[in-house]
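Report on the following structure.
The values are calculated or read from the model by the stated rules, or taken from the named source; none is laboratory data. If you're wondering where the values come from, they're calculated on a predicted model, not measured in any experiment. Counting neighbours? That spans all protein chains shown, and the Cβs are built from the backbone with ideal geometry, glycine included. Areas reflect the complete protein model, heavy atoms only, side chains present, ligands, DNA and RNA absent. Shrake-Rupley method; radii C 1.70, N 1.55, O 1.52, S 1.80 Å.
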Amino acid sequence: MNPSSSNPVRALQRWRHQLTVPQFTVVTGLLVIVLATLLLSTPLCSNSNVGLWQALFTATSAITVTGLSVIDIGEDLTFAGQVVLAGLIITGGLGLMAITTFLQGFVQGRSGLRNRLDKGRALDEFGVGGIGPTFHSILLVALCVMGLGTVVLYSFGFTDIEDPGRRLWAAMFHAISAYNNAGFGLWSNSLESYRDNPVVTGVIAFMIVIGGIGWRVANDIWNNRFQLGRLRRLSLHTRLVIRSTALLIVIGAVGLLITEHIGYGASAMEPYGWLEDLQIVLFQSITTRTAGFNTIPLSAHQITDAGLLLIILLMFIGASPGGTGGGVKTTTFAILMGATRSTLQGRSHVLLHRRQIPDATVLRAVGVTLASALFVVLMALTLGLGNSLGQQQVQSFSFLEKLFTCVSAFGTVGLDLGVTAHLNRWGQLVLMVGMFVGRVGILLLLSALYGTRPQSRVGYPKEDLYV
């Protein structure tokens with residue numbers, strides 16, 4: 001190879017080695033989306049209804065485990081396309097950041113202690129031991145849970161599907177989608193046909209919760225499985241995630257039961273009995289925080305404004321750190337609530353379960369929440385710019401519908417009021433950007449763009465402000 005031809009290769013290698021973990025994560029995620037787009041647009045994976053744009057949106061939604069779609073998964077994708085989609089869901093759900101950092105260890109060939117610590121910090125503090133063993137454990141747990149879910153759904157859930165092959169694939173696909181909090185389904189009405197099937201809704205809800213709480217929590221519970229009566233043996237993170245998750249499920253279910261039980265009689269929705277109502281709102285409360293399945297029709301005409309607002313808040317909070325879901329995370333919400341309580345009590349520090357939370361963690365929680373809220377509002381405001389760019393909207397929507405869709409995309413939830421498919425390409429591009437930012441994490445993305453500044457050694461005088 002002559003020097004002139006080797007220079008670009010060497011330049012690419014130098015650029016690759018100079019990438020930080022956040023930059024490597026973002027670049028790899030974009031490359032996976034591009035490759036998946038090209039694959040999904042081929043006749044092997046889809047029919048003529050799926051062009052490059054539809055494939056791009058589907059690939060982005062899958063790798064970010066969101067579930068928003070502009071195509072009919074069961075009709076427009078072939079079996080090979082559905083297999084590819086399931087593979088993308090697993091890739092994104094088991095942690096795009098974990099996978100890319102695990103690969104980076106081979107690419108860059110650096111395994112020093114400091115580099116491992118940096119990786120652990122960037123990847124939700126997986127630990128000093130490196131990402132390899134941890135990711136293997138994550139993969140093992142995921143395969144066991146998805147395998148068990150597939151068996152139960154095949155044997156006792158989707159019994160109305162007579163063909164054994166179709167039933168097995170339906171069970172496997174929905175188990176993958178549920179554990180990874182993706183919300184993709186093989187049917188255009190999601191799980192509405194199984195609204196009163198306790199096996200299907202129960203198994204999928206359980207897998208959503210297990211995937212959403214994160215591997216660290218599941219591993220902590222498993223290691224202390226014989227001493228669960230003594231909750232103090234569990235880490236503060238585990239206790240906080242469990243209590244926050246349970247509280248949000250109850251609040252969501254009770255809130256939806258109050259708002260939508262009244263709404264049922266006032267809308268075109270079919271009235272259900274109290275027992276079925278309870279099953280529906282419990283499932284929706286669980287799936288709303290990033291899974292994206294639905295067992296009732298969702299539209300602005302069939303859900304009350306109060307119910308939509310409650311769903312928006314649940315979607316914005318999302319799942320837990322290290323899980324397969326999105327949102328600002330349950331622990332972030334708990335820290336903000338703890339900070340509010342401490343302020344009202346006149347304390348100068350934040351206490352949660354008799355533990356003082358570091359100021360840096362509180363600042364991070366405030367930063368994540370504020371940046372995420374501003375980004376979502378910016379998304380909602382930007383959706384309407386397509387008309388000024390020459391792309392007329394197919395249908396007009398209210399601001400609440402736009403805000404709902406933007407939060408659904410940013411929180412990688414996938415619930416849709418029928419807005420996504422009727423947006424122009426500008427609006428769908430905004431949603432794709434929101435899905436990617438929401439999955440990667442807004443702080444990690446900013447770190448990839450601007451890098452991490454060294455800690456300043458300069459101290460500045462303090463001055464109080466009126467708040």
Item to complete: Determine whether F375 is at negative phi, assigned to a helix (DSSP H, G or I) and open to solvent by less than 40 Å² (accessible area, probe 1.4 Å).
Response: no
Worksheet entry | Given (1) closer than 19 Å to V241 by Cα; (2) surrounded by fewer than 24 Cβ atoms within 10 Å (Cβ to Cβ); (3) in contact with a Gly (Cβ under 8 Å, 6 or more places away or on another chain); (4) polar (S, T, N, Q), number of the condition Q302 does not satisfy | (1)
Discussion item. Any residue at all in the stretch 334-352 that's open to solvent by 40 Å² or more (accessible area, probe 1.4 Å) and in contact (Cβ under 8 Å) with a residue 60 or more places away in the chain?
Written reply: no
Item to complete: Specify the residue that is modelled with the highest pLDDT; the eligible residues are those in the stretch 414-450 that are open to solvent by less than 40 Å² (accessible area, probe 1.4 Å), of a type in the set (G, A, S) and not in a loop (DSSP other than H, G, I, E, B).
Response: G434
Worksheet, complete the sentence: Output for Cβ contacts, cut-off 6 Å, separation at least six or different chains, first residue more than 20 Å from G326 (Cα to Cα) in the stretch 278-292, second of a type in the set (A, V, I, L, M), reads I280/I296; V281/A253; V281/L256; V281/L257
Worksheet entry | Near pairs, Cβ below 8 angstrom, 6+ apart or cross-chain, from the stretch 211-240 (closer than 16 Å to V141 by Cα) to any residue that is of a type in the set (V, I, T) and at pLDDT below 80 | W215/T134; W215/I138
Worksheet item: Which one is modelled with the highest pLDDT, of the residues in the stretch 225-277 that are under 29 Å from Y194 (Cα atoms), among the aromatic types (F, W, Y) and assigned to a helix (DSSP H, G or I)?
Response: W274
Item to complete: Within the stretch 308-325, identify whether any single residue is within 17 Å of V407 (Cα to Cα), assigned to a helix (DSSP H, G or I) and touching a Lys or Arg at 6+ places or on another chain (Cβ under 6 Å), and answer yes or no.
Response: yes
Practice prompt. Take the stretch 353-372 and flag every residue that is open to solvent by less than 20 Å² (accessible area, probe 1.4 Å), in a helix (DSSP H, G or I) and not small (G, A, S).
Written response: none
Item to complete: Could you identify the single residue in G322, G338, G292 that is modelled with pLDDT under 90, more than 23 Å from S193 (Cβ to Cβ) and not hydroxyl-bearing (S, T, Y)?
Response: G322
Practice prompt. Answer yes if at least one residue in the stretch 392-405 is assigned to a loop (DSSP other than H, G, I, E, B), of a type in the set (F, W, Y), at pLDDT below 95 and surrounded by 12 or more Cβ atoms within 10 Å (Cβ to Cβ), and no otherwise.
Written response: yes
Worksheet item: Limited to the stretch 48-74, what total is found for residues that are farther than 14 Å from G92 by Cα and surrounded by 13 or more Cβ atoms within 10 Å (Cβ to Cβ)?
Response: 13
Worksheet, complete the sentence: For the stretch 353-369 the number of residues that are of a type outside the set (S, T, Y) and free of Cβ contacts under 8 Å to residues at least 40 places away in the same chain is 10
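Can you go through A175, A170, A98, A142 and tell me which one is open to solvent by less than 50 Å² (accessible area, probe 1.4 Å), hydrophobic (A, V, I, L, M, F, W, C) and either at pLDDT below 50 or in contact with a Gly (Cβ under 6 Å, 6 or more places away or on another chain) (or both)?
On the way: A170 fails: either at pLDDT below 50 or in contact with a Gly (Cβ under 6 Å, 6 or more places away or on another chain) (or both); A98 fails: either at pLDDT below 50 or in contact with a Gly (Cβ under 6 Å, 6 or more places away or on another chain) (or both); A142 fails: either at pLDDT below 50 or in contact with a Gly (Cβ under 6 Å, 6 or more places away or on another chain) (or both).
Just a single option satisfies the conditions, and that option is A175.
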Item to complete: Check the stretch 207-222 and report whether any residue there is open to solvent by less than 50 Å² (accessible area, probe 1.4 Å), among the acidic types (D, E) and either at pLDDT 90 or above or more than 16 Å from the chain's Cα centre (by Cα) (or both).
Response: yes
